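Notes for the one structure printed next.
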Amino acid sequence: MSLSRVIATAWRENLLFSVLVELTYRCNLDCFFCYNDLGLKGEPLTREEYFRLFAELREMEVLNLTLTGGEPLAHPDFLVLGARARELGFVVRVKSNGHALRGELARRVRDEVDPFLIEVSLHGATAVTHDRQTRVPGSFDRLLANLRELRELGLRVKLNSTLTAWNEGEIEGMFAVADSLGLPLQVDPEVTPRDDGGREPLQVTASREGVLRLFRLQFERGRAAQGGQVEVQVARGGDDGTLPTPVDKHCGAGSSGLAIDPYGNVYPCVQWRRPVGNLHRQGLREIWRGSAGLAEVRDLTVEVKERLAVQGAGGHLLNFCPGSAAIQAGTPFELYPAAVQRRELLEQVMAEEESGRKKKTSLPIVR
Amino acid sequence: MSVITPTTVLKRRSDVRYRLIEGEAVVLRQSAAEVLVLNEVGASVLELADGERSVGDWIDALAAEYEGDSTALARDVLAFAAELAEAGLLEPG
């Protein structure tokens, strides 16, 4: 069986495979477009509750456990929880801004948590842009130094970035920074609203031209790296981007994946902030099996797939996210502007690529 | 690694992470960032590779679980253990 078939099985049979845990919303940076709902109140999960959760996840054969925030390292028990996750055999990913990942702490993360991957945010190719987004002077220089240190420690690191109006002019430079560090860079072309629906982050949405430039660059780099074969990346597959073989659901939200906030609220996905239970009141297995809200979400992912079918063969280029739709349009079915633009621009770039290939293949005839 | 015999003791390498999904094992070797999917027998072997039981013990356990020619089973398990060791999933226990 291939991995794509395993993921398809997980979607179809509702087998929890990947869980994202937001340990805290505290953060040592102050990004303007942060999507966290910083006004959310609640009783944070205790260390013992996390231990119980992790034990349940182990019993449920969950493979992937992502620790994020806020800044996950700002949680006082980060190392203890990370070490427990390691003991239980999860594939641990850590999503961090990288600001504190240096020296003794970086070594302890390596030795005690042994993450499969640390995903670190890069906001620009220059200190001016990066620090403007993080609103912490010096954060760019410190990040570069920390990234070099993480590499020297042998940690596996990937860079993540969101394309914004502030950094779109230096996207080539951001890839150059990543290349100089020997790290992969994944750029998300969409700024999303805050989890509470607040639209302030959208003020820095990248321009249409900026997104087009990003797509062209991604195709160009993909072509160079893969000997001419370029695949369109979509974000709704497995943790490694693997897409399942066809199933009747649009995505694995609530079927193979879940997200949990610092106060124990459980969501079908980090982007679909529709609470389906709370860990202060119920165990995760009980929520997974018995939540009416979760059952509804699973049905909705089927309906989303059916409705998107009218979009035809190019529908996957939308990279449609029901969670984003719900927060932007109030319904998980409605196409939102960023998805529509994404398809238009990807089709444009793919047409350019096709045209370029035809020109190349016609060269011998011209000669 | 030297030749694997029924007395060999093997264990999963420390960077191997795996889970059983519908009887099959999804395996990630962290250092190589490789994902493998093993069938039911492969998943059983991975479970048995605890650094305490010998490969002969694995064969006995699997013979009790699966019907068929025990000689062929022993041959297959030895070959499979060698494959997993070669793939970097198992090491001497």
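Summary of values
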read-out	value
Checklist (1) more than 14 Å from chain B (Cβ to nearest Cβ); (2) crowded, with 18+ Cβ neighbours inside 10 Å; (3) touching a strand residue (DSSP E or B) at 6+ places or on another chain (Cβ under 8 Å) applied to A:CYS34, failing item	(3)
In region B:51-75, the residues that are out of contact with any strand residue (DSSP E or B) (no Cβ under 6 Å at 6 or more places or on another chain) and in contact (Cβ under 8 Å) with a residue 24 or more places away in the chain	B:GLU52, B:ARG53, B:VAL55, B:GLY56, B:ILE59, B:TYR66, B:ALA74
Wholly enclosed strands (runs of 3 or more DSSP E) of region B:1-50 bearing at least 2 residues away from every other protein chain (no Cβ under 13 Å)	B:9-12
Residue in region A:88-118 that is farthest from the other protein chains (Cβ to nearest Cβ), counting only those that are in contact (Cβ under 8 Å) with a residue 60 or more places away in the chain and buried (at least 20 other Cβ atoms within 10 Å of the Cβ)	A:HIS99
Single residue of A:THR66, A:THR24, A:THR9 found to be within 30 Å of A:ARG135 (Cα to Cα) and within 14 Å of chain B (Cβ to nearest Cβ)	A:THR66
Count - residues of region A:160-174 that are of a type outside the set (Val, Ile, Thr) and within 19 Å of A:SER96 (Cα to Cα)	4
Flag for A:PHE320 being closer than 24 Å to A:GLY210 by Cα, touching a residue at least 12 places away in the same chain (Cβ under 8 Å) and out of contact with any Cys (no Cβ under 6 Å at 6 or more places or on another chain)	yes
Candidate set: region A:1-31, residues that are among the charged types (D, E, K, R) and under 22 Å from A:SER291 (Cα atoms); chosen: the one surrounded by the most Cβ atoms within 10 Å (Cβ to Cβ)	A:GLU22
Number of the condition not met by A:ARG52 [criteria: (1) out of contact with any Lys or Arg (no Cβ under 8 Å at 6 or more places or on another chain); (2) crowded, with 20+ Cβ neighbours inside 10 Å; (3) under 30 Å from B:LEU38 (Cα atoms); (4) away from chain B (no Cβ under 14 Å)]	(2)
Enumeration of residues in region A:20-70 that are in contact with a His (Cβ under 9 Å, 6 or more places away or on another chain) and among the β-branched types (Val, Ile, Thr)	A:THR24
Single unsatisfied condition, A:LEU300 versus (1) assigned to a loop (DSSP other than H, G, I, E, B); (2) closer than 18 Å to A:ASP248 by Cβ	(1)
Answer from A:ALA85, A:ALA74 - the residue that is touching a Cys at 6+ places or on another chain (Cβ under 8 Å), more than 23 Å from A:ILE327 (Cβ to Cβ) and modelled with pLDDT of 95 or more	A:ALA74
First in region A:267-292 and closer than 20 Å to A:TRP11 by Cα, second anywhere and among the basic types (Lys, Arg), Cβ under 6 Å, 6 or more apart	A:TYR267/A:ARG273
So A:THR129, is it surrounded by 15 or more Cβ atoms within 10 Å (Cβ to Cβ), in contact (Cβ under 8 Å) with a residue 60 or more places away in the chain and away from every other protein chain (no Cβ under 14 Å)	no
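The values are calculated or read from the model by the stated rules, or taken from the named source; none is laboratory data. The structure displayed is predicted, hence computed values, not measured ones. Positions of Cβ are generated from backbone atoms using ideal geometry, with glycine treated the same way; all protein chains shown enter the neighbour counts.
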